[in-house]
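One structure is given below, encoded as structure tokens.
The values are calculated or read from the model by the stated rules, or taken from the named source; none is laboratory data. Since we're looking at a predicted model, the values are computed, not measured. Cβ coordinates were reconstructed from backbone atoms using ideal geometry, including for glycine residues, and neighbour counts include every protein chain displayed. The area values use the complete protein model at the heavy-atom level, side chains included, leaving out ligands, DNA and RNA. Shrake-Rupley method; radii C 1.70, N 1.55, O 1.52, S 1.80 Å.
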Amino acid sequence: MPPLICAICLVFSSSLLVAHTSNDESAANPDASTRITEPRAEDSKPGDSDAKAAPQQESSPATSAPDSSSKQALLPDSSSRPLLTPTSNKLQWKPALIQTLELVVFQHAWRAATDPSLRYLVSHKPFWHDYGVSLTDYHMDRWSDGDSFVVNDVGHPLNGAVYGRVFLQNYPRSFVQIGLHNGYWTTRLQSFVWMMLWSAQFEVGPLSETAFGNQGGFYYSNGCGTSPACLTTPPWSYNAHNHTGLGGVTNNTGWTDFIMTPVVGLGWEVGEDALDRYIVTPFARSHRILGGRVLRTALEPSRSFAALFAGKFPWMLPAPENNFGYNFTRGFAFDSALNFLPAQGGTKGMVQGLFGVKLGDRWKHWGLFAKVRPGFIYYNEAWPGGGVDTPGSLSRFVWDVGGAAEFYTHHNGTFRVDLGTTLVRYLTDKVDTRYTQIGGVISNQYWVTQGNVQFSTTYAFRF
């Protein structure tokens, strides 16, 4: 909820700025706001969304007028199907998945930036073990997970509506106004399925609150925390044994998020569509900037927020001729390395494997990239930690973060210089009970991450 509110406020502020700096636009072209394309009578038949679209009799200012800074439709087609015939009416799976993943990453990045408990759990606990055991302690015999009304019944549905909008903006068949026709309701029900799947993923999937934050893995008192004193100190002690309500003890599990996110999210989506047709669009016909941009951004937050992940301005409507495709350029590539570090100075040999991506730019004779590569390091002999005092062979998880410079000596040869930090996770001998004082199933292990500067040179030859 907080990230969505923040983003909406930011978008609304930017829209006001656009309106302020562009209020002479309508004066320069007074007829632009009223020249809209009228669909033919036969085009408005309900359920005719699969037929070919009628040719435009007069170009819309939203799509062709030179004074439109967005170059995107501000007024939707009033028929039951797209105004323009797209190359394909099929769902564009690749951009839909990428944009949804971008949304998920944004949500977790916001959580990590604002929640010190999440950062602690990710940094100092065994990720895969605690993710697995957290899934085993879900309580699905109750409705409430202990969160407030604003979080469960406003924030989560809004988040679900954004998932749905990402689906719709990559589905040309859905570019229709609300109405009693199959073209509208079929696509909205399909977006509901998308919402349902991704909201469940955000609860229990590999990129979920259970994986990042161990939802379900430990108990806490609302407003107090995990200290045993929360069970005996007023006001938290009043509902200490109430696992379903505010003020009680909870592990943040229940049915509410699984149901409210997609169901009310669909209602949110339909409500925004109704506002767009009956309030925003009529107003935008005579006030293109104030209505088509400012009012649409303010009244349709899920549409506005989803547009950002497609690289669009918040007020932009999806265009049938634009499939929202992603082109991975030569500056973005898969990057991997396998290094053997021989024994020296009394130490045993090690093997390091790194698999990630590099992002940057390349020119005729050289390139410069940033790199992020997760991987492993295998020790022939090392101290395992966790109270074990006998060394042995083991593997540890690592992150390689840094930069690389490439020099292209000839067509098939590359000389590369890498400089970065290799972050290695170590298990310590410390016993950690910070998140299990009231109760829980997550591990009492305590892990730390240590950075090691790493410099390497490589010569690669492509056959």
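Distance from the alpha carbon centroid of the stretch 271-308 to that of the stretch 144-182 works out to 16 angstrom. Other residues whose C-beta falls under 14 angstrom from the C-beta of ALA161 contribute a net charge of -3, scoring Lys and Arg +1 and Asp and Glu -1. Within the assembled protein chains, the solvent-accessible surface assigned to TYR220 is about 50 Å², based on a 1.4 Å probe.
Protein heavy-atom accessible surface, 1.4 Å probe, per residue over the stretch 280-433: 51 Å². Each other residue within a Cβ distance under 15 Å of PRO301 adds +1 if Lys or Arg and -1 if Asp or Glu, for a net charge of 0. Here the accessible area is traced with a 1.4 Å probe on the protein chains. For the stretch 96-245, carbon and sulfur cover 69 percent of it.
Roughly how many whole Å is it from the C-alpha centroid of the stretch 400-453 to that of the stretch 204-235? The stretch 400-453 and the stretch 204-235 have Cα centres separated by 27 Å.
For the stretch 368-429, the alpha carbon convex hull comes to 94 Å³ per residue, rounded to a whole number.
Share of pairwise Cα-Cα distances greater than 19 Å in the stretch 155-222 is 46 percent (whole percent).
Taking all protein chains together and a 1.4 Å probe, the residues VAL154, VAL424, VAL388 rank VAL388, VAL154, VAL424 from largest to smallest accessible area. Just add up the charged neighbours of TRP198: K/R +1, D/E -1, any other residue whose Cβ is under 14 Å from the Cβ of TRP198. Here the count lands on -4.
When the solvent-accessible area of the stretch 259-308 is split by element, carbon and sulfur atoms take up 75 percent of it, the probe being 1.4 Å. Largest accessible area first, the listed residues LEU295, LEU189 line up as LEU189, LEU295 when surface is computed with a 1.4 Å probe on the assembled protein chains. Taking one quarter of the surface of the convex hull spanned by the alpha-carbon atoms of the stretch 132-279 gives a direction-averaged projected area of 10.4 nm².
Sorting LYS125, LYS430 by accessible area puts them as LYS430, LYS125; the probe is 1.4 Å, largest comes first, and only protein heavy atoms count. Based on the Cβ-Cβ distance from SER237 to LEU394, what FRET efficiency comes out when R0 is 56 Å, to the nearest 0.05? Efficiency, from the Cβ-Cβ distance: 0.80. Taking each of LYS125/LYS371; LYS90/LYS312; LYS90/LYS364 in turn, the alpha-carbon distance tops 28 angstrom for LYS90/LYS364.
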